[in-house]
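Trainee: Mind looking over this structure? Questions follow.
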Amino acid sequence: MLTAVVTTSHSAGNLQVILLEADTCERTDLEGNPEFTTGSAECPELNPIAPEMKEVIWGGGAFIVLLVVLRVWLFPKVREGMAARYDSIQSDRESAETLTAAARADVAEFEARLASVRSEAQERTEAARATLEAERTEAIGEANARIAEKRAAAAAEVEAARQAAMGDVESAVTDVVSRATEIAVGDAPSPDAVRSAVQGAMNTGVSS
């Protein structure tokens with residue numbers, strides 16, 4: 001049996017523990033502190049790592065108490081916390097899905113409105129283009145009518161001027177022919193005959 005001997009050095013103040021092998025053991029729990037042979041029933045060999053019964057009882061009791069506390073108080077708390085966390089995650093997921101659906105609906109509505117605006121703008125553009133084309137055609141027609149009117153007026157003025165010039169020329173030619181005939185023949189010709197001859201000659205020249 002091992003006996004622990006503790007020595008103290010007064011000079012250095014160090015504590016030393018020495019284990020000695022002993023053949024006998026002293027029972028301090030008995031009157032007179034008797035000694036017995038190591039290994040006998042009164043002095044059995046002790047296992048330093050073997051727990052005593054009270055240690056086993058206290059350890060088992062503490063473990064059972066801890067198990068009961070864990071099962072009754074801690075485990076429900078943990079389960080409630082996990083359930084609350086799961087519900088929170090599920091709620092956040094549902095909220096995200098709802099927001100995603102709402103965002104997709106907003107995008108679809110925006111695209112529909114954009115398509116409607118584009119279609120309306122296209123229709124207005126086509127209407128404006130048709131209006132401008134009609135106004136352009138009308139303006140061109142009015143301009144052509146004014147040009148034709150001015151051209152007709154100018155042609156009438158030219159024809160009137162030509163007729164006036166022809167009358168002046170005819171009168172001058174008639175005078176010249178009458179005077180020349182009078183000089184050549186010695187007698188004045190008839191004015192109607194001279195005018196008729198001059199008109200026939202002028203008409204023949206114009207038609208040719």
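Trainee: With a 10 Å Cβ neighbour count serving as the proxy for reagent exposure, in which order, fewest first, do Ser119, Ser178 appear?
Mentor: Least to most surrounded, the residues fall as Ser119, Ser178.
Trainee: Between Phe110 and Thr125, what is 0.36 nm times their sequence separation minus the Cα-Cα distance? Round to one decimal in nm.
Mentor: Length difference between fully extended and current span is 3.2 nm.
Trainee: Okay, moving on. Give me the extension gain from Met53 to Leu132: residue separation times 0.36 nm, minus the current Cα-Cα distance, reported in nm with one decimal.
Mentor: Contour length minus Cα-Cα distance gives 17.2 nm.
Coordinate-derived values only; no laboratory data. As the structure is a prediction and not an experimental result, all values here were calculated from the model. Quick reminder, even Gly has a Cβ in these numbers, built from the backbone with ideal geometry, and neighbours come from all protein chains shown.
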